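The values are calculated or read from the model by the stated rules, or taken from the named source; none is laboratory data. Values in this document were obtained by computation on a predicted structure and should not be read as measured data. Here the Cβ positions follow ideal geometry from the backbone for every residue, glycine too, while neighbour counts run over all protein chains shown.
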Amino acid sequence: MINTIKAEFKKLFTVRSTYAIFGIALLLVIFFTFYISGWRIDSADLHNPTTLASDITGAIDVISIFAALSALLLITHEYRYNTIMYSLTSVNNRSKILIAKILVITGYALLFTAIFAVLSPLLSVLGIDLHHLKLVPQIIPYKTLIWHCLFYGWGYVMAASVIALLIRNQVAAIITLFIAPGTIEALLYLWLKNSVVYLPFTALRVVLMGHPDQRITVGITPYHALLVFMGYLLVSWAVAWVLFLRRDAN
Amino acid sequence: MIKASHLSKHFKETLAVNDISFEVETGKVTGFLGPNGAGKSTTMRLMLGLDIGGGKTKFDDKLLQEYAHPSQVVGILLEAKAYHPTRTPRNHLKILATAGNVKLSRVDEVLDIVGLKDVAKKSPGKFSLGMSQRLGIAAAILANPKYLILDEPANGLDPEGIVWLREFLKSYADDGNTIFVSSHLLAEMSQLADNVIVIGKGKLIASTSIKKLVSTNSKSSVFIRSPKLSQLQQLFTDKSLIVKEVDNGLEITGAKTDEIGQIAFKSGIPLLELANRHASLEDVFLELTENAEEFKAHEAAKGK
């Protein structure tokens, strides 16, 4: 099992896309935190004691899709380039592959989220300092912020992984990942109204940012949102797991 | 020994593999032949548990799942370009070595064996089919497995590569290993394989040694050339022999060279050529799979 986990880590870190995606995420965070939230900060935010906390959640909200994309590619590359046949013939039980992928994806998601959660306030402060501005003392609710951010990052990556496992086609999986949270759930808001918070990606955003949309007046707490999201995740992973064991490997 | 029992596979309403059972002898090269769409690749995937279907395949009386590291038992090459285009061959093999619990030093060894050492750190995205096949072979032999299952490994190889592959597989089998290989190159297979398994439309047609297959499934004939062919043709027809005009001569079935020579001598007809003609593996293959071709060229198109 250890060998399988090591092999999955190597798969993730020996393709160009992992580094390219990380690089794009880094550039975006530098732009939004160092330049927009730091260098060009408006005076209202300078006097807001929660500016840095907002920067952190804002950055994690934006870049989690990049970690999710790397995880999605880790799975769909196997089918696109047919390396899945090597993966499956190196183990005596298909579930080992899936467990190894979950562990690697989880590790990567937590590391990715932690790096950007630390980097984004530092870059904001750097931008403000270089512009010779002064930020009021900040209130950062560390415990809440840590679990909200890490869960959001992990949840997004796990959702992307299950999309990849169910769809397997790389292009279709990427399209689904990009349109499901924004487009589909936004359209469903027109029909579901406040109940939209019970949809998976909206619930996940509630965990990170509270109410994701000002129009929603009937909200749920981040804890309830976590349970909603986990419900979707567990059911979809259970289906994906069964299919992974029963489907042909191509 | 590989023992495949009652392998079967449905694709919706199509029966791709229909209750096939066969054995692959240890220490030998066994060719796996069949027309396009016969179910060769599906059978190989079923044997490895990559496709889900009926039947079992045992490798030395054990299912592949019963081994701690299956890739140390069976090396596979089912598709030449089964690698990520931006992952270097070295990294590709390192991943396989890690997953299969193989020493990483073996990676450079196999790259050297297949002749890819110089491109070990280059992206394989623009590899030719031949280079991809070599990388696939490197992956297959990485763990030095007792069994190799190879699907069309000679595809895309240049003549030098084909000779190299033949010699390599023969020496691998000589070391006591077992090779199960499919190919469309029948002439190549006749030089490489000891045994052969033929399937058509998902069914087993033959499973035997190449020598036995050729000798029992096709009649030998005698070829003659003479300035008086029409007279000879009449003579042989009168003696109830089967005579066919080919290549400016006659092909006679049902008699040996001695008898043909004597008949011509007694009739005072000179012979310019008198030779035995043995059926090739290709002849036998075409004969056996005549009615088992899924995708057949139109007769008129064949003649063009």
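Of note:
- Counting only strands (runs of 3 or more DSSP E) that sit wholly inside region B:5-102, those with at least 2 residues that are among the hydroxyl-bearing types (Ser, Thr, Tyr) are B:14-24.
- Just one of (1) out of contact with any Lys or Arg (no Cβ under 9 Å at 6 or more places or on another chain); (2) in contact (Cβ under 8 Å) with a residue 40 or more places away in the chain; (3) among the hydroxyl-bearing types (Ser, Thr, Tyr) fails for residue A:4. It is (1).
- Residues located in region B:151-193, provided they are farther than 23 Å from residue B:74 by Cα and of a type in the set (Val, Ile, Thr): B:163
- Of the helices (runs of 4 or more DSSP H) contained entirely in region A:142-250, not one carries at least 3 residues that are over 30 Å from residue A:88 (Cα atoms) and charged (D, E, K, R).
- Of all residues in region A:22-33 being of a type in the set (A, V, I, L, M) and surrounded by fewer than 20 Cβ atoms within 10 Å (Cβ to Cβ), the one that is farthest from the other protein chains (Cβ to nearest Cβ): A:30
- Filtering B:125, B:130 for residues that are within 12 Å of another protein chain (Cβ to nearest Cβ) and assigned to a helix (DSSP H, G or I) leaves a single hit, B:125.
- So residue A:64, is it at pLDDT 90 or above, within 14 Å of chain B (Cβ to nearest Cβ) and out of contact with any strand residue (DSSP E or B) (no Cβ under 7 Å at 6 or more places or on another chain): no
Condition check ((1) without any contact (Cβ under 8 Å) to a residue 40 or more places away in the chain; (2) part of a helix (DSSP H, G or I)) across all residues:
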site: B:150; (1), (2): no, no
site: B:153; (1), (2): no, no
site: B:156; (1), (2): no, no
site: B:160; (1), (2): yes, yes
site: B:169; (1), (2): no, yes
site: B:189; (1), (2): no, yes
site: B:198; (1), (2): no, no
site: B:204; (1), (2): no, no
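- Which numbered condition residue B:112 fails, given (1) within 22 Å of residue B:166 (Cβ to Cβ); (2) buried (at least 20 other Cβ atoms within 10 Å of the Cβ); (3) at pLDDT 90 or above: (2)
- Among the criteria (1) part of a helix (DSSP H, G or I); (2) away from every other protein chain (no Cβ under 14 Å); (3) out of contact with any Pro (no Cβ under 7 Å at 6 or more places or on another chain); (4) over 20 Å from residue A:174 (Cβ atoms), the one residue A:99 does not fulfil is (2).
- Filter result for residue A:148 (closer than 22 Å to residue A:51 by Cα and loosely packed, with under 13 Cβ neighbours inside 10 Å): no
- Of the residues making up region B:215-235, one or more are closer than 13 Å to residue B:284 by Cα and touching a helix residue (DSSP H, G or I) at 6+ places or on another chain (Cβ under 7 Å).
- So residue B:5, is it more than 23 Å from residue B:183 (Cβ to Cβ) and in contact with a Ser or Thr (Cβ under 7 Å, 6 or more places away or on another chain): yes
- Scanning region A:58-84 for residues being part of a helix (DSSP H, G or I) and either among the aromatic types (Phe, Trp, Tyr) or more than 12 Å from the chain's Cα centre (by Cα) (or both) gives a total of 11.
- In region B:82-118, residue farthest from residue B:68 (Cα to Cα) [restricted to those that are more than 7 Å from chain A (Cβ to nearest Cβ) and free of Cβ contacts under 8 Å to residues at least 12 places away in the same chain]: B:118
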